[in-house]
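Take a look at the structure set out below.
The values are calculated or read from the model by the stated rules, or taken from the named source; none is laboratory data. Keep in mind the model is a prediction, meaning the values are calculated, not measured. Reconstructed Cβ throughout: ideal geometry from the backbone, glycine too, with neighbour counts over all protein chains shown.
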Amino acid sequence: MKRPSFLLIIVLLLYVTVNGQLSVEKLRSLPGNYTFMAVDNLENLYLLNANNQLKKLNEKGDSVAVYNNVKKLGTASLLDVSNPLRVLLYYKNFATIVMLDRVLSPVNNIDLRRQQIFNAEAVGLSYDGKIWLYDNMENALKKIDDNGNILSKTPDFRQLFSETLTPLQVIDRNKLIYLYDSTQGIYTFDYYGAYKGRIAITHWRNLRITDKYIYGNDAGRFYRYTLNTLKFDEWPIPAAIQGKRQYVFEDGRLYVLDADGLSVYSLRL
């Protein structure tokens, strides 16, 4: 992992804290062949399996909903559960967004190609139920409605930045839009598309933003960045759970996905 660099390096290094070993205790395991997981703010789990079926489980691990209509669009490339009442599935190969309700019933499909959007890597929910996306062909951040109509967009980023952006995630949180490019950092914008600044975090996987923190990991460590103090913490990933397919790391809980299924741990930092 490359620590925060460039503009804020002098400040951030003053706040780096290398912590001791994590204290973890396994709570439960959910066997299965899952390719991706997500956790919403109510601790509901979402598991996408090898057959592209999406399952929703409550905090106890009980199944509460299933989405099976996957034959036409194939493999989902992105899942956003930041709003438990409005789940977003994105199928990049077909440039199609599928919106689901809280019981994973389809609400509508959005074919981005009708708006001449053919290459969008980063797609995510907005605070008001609309959708943000980064159009890689036009190099612009756009907001669309349920019909795919463009509500707003930024100027071409090539006019704003000397570097070329290839964002992987767009996250709406804390009245800001976070656009994450794993090699450049996290670019922040307001709801009008005005550029606010860059957070010098690069090469993190499983990036997750809450009201107070940014979480992530690399191959050997978990990381937490405190938004209001710029404090940067890191912990070694315990040897027993290194090299897994996916992690969701946050205060109090750790979710680990591997070839055998999902394991949930209580976590003490």
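Odds and ends about this structure:
- Top-ranked residue of region 151-182 - restricted to ones that are assigned to a strand (DSSP E or B) and hydroxyl-bearing (Ser, Thr, Tyr), ranked as nearest to ASN83 (Cα to Cα): TYR178
- Hits in region 236-269 (condition: β-branched (Val, Ile, Thr), assigned to a strand (DSSP E or B) and surrounded by fewer than 20 Cβ atoms within 10 Å (Cβ to Cβ)): VAL248
- Selection from region 2-32 of residues that are at pLDDT 60 or above, under 23 Å from ALA219 (Cβ atoms) and not in a strand (DSSP E or B): ASN19, GLY20, GLN21, LEU22
- Matching residues in region 251-269 - criterion: being charged (D, E, K, R) and in contact (Cβ under 8 Å) with a residue 60 or more places away in the chain: ARG253, ASP260, ARG268
- Selection over region 119-147 of residues that are modelled with pLDDT under 95 and among the small types (Gly, Ala, Ser) gives a count of 1.
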